[in-house]
1. Could you name the lysines in cross-link range of B:Lys78, using Cα to Cα under 22 Å and dropping any fewer than eight places away on the same chain?
2. Report, in cubic angstrom per residue, the convex hull volume of the C-alpha atoms of the protein assembly as shown.
3. When the Debye formula is applied to the Cα atoms of chain B, each taken as the same point scatterer, what base-10 log of I(q)/I(0) results at q = 0.19, 0.21 Å⁻¹?
4. Can you pull out the chymotrypsin sites (Phe, Trp or Tyr not before Pro) in region A:60-114 that DSSP calls coil and that have at most 10 other Cβ atoms within 10 Å?
5. Any idea of the accessible area per residue across region A:63-114, 1.4 Å probe, to the nearest Å²?
6. Between region B:1-47 and region A:7-76, what is the C-alpha centre distance in whole Å?
7. May I ask for the equivalent-ellipsoid semi-axes of chain A, computed as the square root of five times each C-alpha gyration tensor eigenvalue and listed largest first in whole Å?
8. What nm distance separates the two modelled labels at A:Thr7 and A:Asn57, each placed 7 Å from Cα along Cα→Cβ?
Amino acid sequence: DTEVTQTPKHLVMGMTNKKSLKCEQHMGHRAMYWYKQKAKKPPELMFVYSYEKLSINESVPSRFSPECPNSSLLNLHLHALQPEDSALYLCASSQPTRRSGEQFFGPGTRLTVL
Amino acid sequence: AQTVTQSQPEMSVQEAETVTLSCTYDTSESDYYLFWYKQPPSRQMILVIRQEAYKQQNATENRFSVNFQKAAKSFSLKISDSQLGDAAMYFCAYWTTGNQFYFGTGTSLTVIP
């Protein structure tokens, strides 16, 4: 299984809502990533978990809260978002011990904040 | 910090023709990997091809090949016999051990029937 899955595919939320994005992989990868991507732009790294521990937080606002319950799952909890947070949120995974560093991406969650 | 530059925001190619997408990067490392990722409209980002810096031979995957010039820090992607399904955003990316991915700004490829 070389797939990274993300749910939901689409999410519309108000600025006062609380929601969560979910990501799952069963490739045995021990590094997982959250990216934010605007249209026609490259992905911007938000968070990196390595062996279930947060290793990189790219100065992301606290209204985004990541969680890695186990080595297969990654969540992104959303609260009090702003309209400018509307974007495609991508999850990716990789194997830290693999020399090439290749990342496998999920299909993304398209988030709209009203 | 490493930088990756894609100087062609948009490219177009006739179906069945060949197109080359450019990528340059800046690094002081000697051991690293370079990647080309493809992201079709509203679809998943997938790996097209990878190149290890220590390998002099250019990587090839079916209709996709790279021209890796390490001294010039250049990593271009050639797509031969272009197909309609090749239409996508293409991102060049750089990675070295213990570090994050650095993406270029992307090239939007249109395939004209």
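The values are calculated or read from the model by the stated rules, or taken from the named source; none is laboratory data. Note that the structure is a prediction, hence the values are computed from the model and not measured. Cβ atoms come from the backbone with ideal geometry, glycine included; neighbour counts cover every protein chain shown. Areas reflect the complete protein model, heavy atoms only, side chains present, ligands, DNA and RNA absent. Shrake-Rupley method; radii C 1.70, N 1.55, O 1.52, S 1.80 Å.
1. List returned: A:Lys40, A:Lys41, B:Lys38, B:Lys55, B:Lys70.
2. Details: hull volume 28.1 nm³, N = 227.
Once divided by residue count, the hull of the protein assembly as shown is 124 Å³.
3. Log10 of I(q)/I(0), two decimals: -0.94, -1.13.
4. Details: sites: A:Phe64, A:Tyr89, A:Phe104, A:Phe105; in loops: none.
Within region A:60-114, no chymotrypsin sites (Phe, Trp or Tyr not before Pro) qualify (loop, at most 10 other Cβ atoms within 10 Å).
5. 37
6. So the separation of the two Cα centres works out to 24 Å.
7. Values: eigenvalues 108, 38, 34 Å².
Calculated on Cα positions only, the semi-axes equal 23, 14, 13 Å.
8. Simple spin-label model gives 2.8 nm for this pair.
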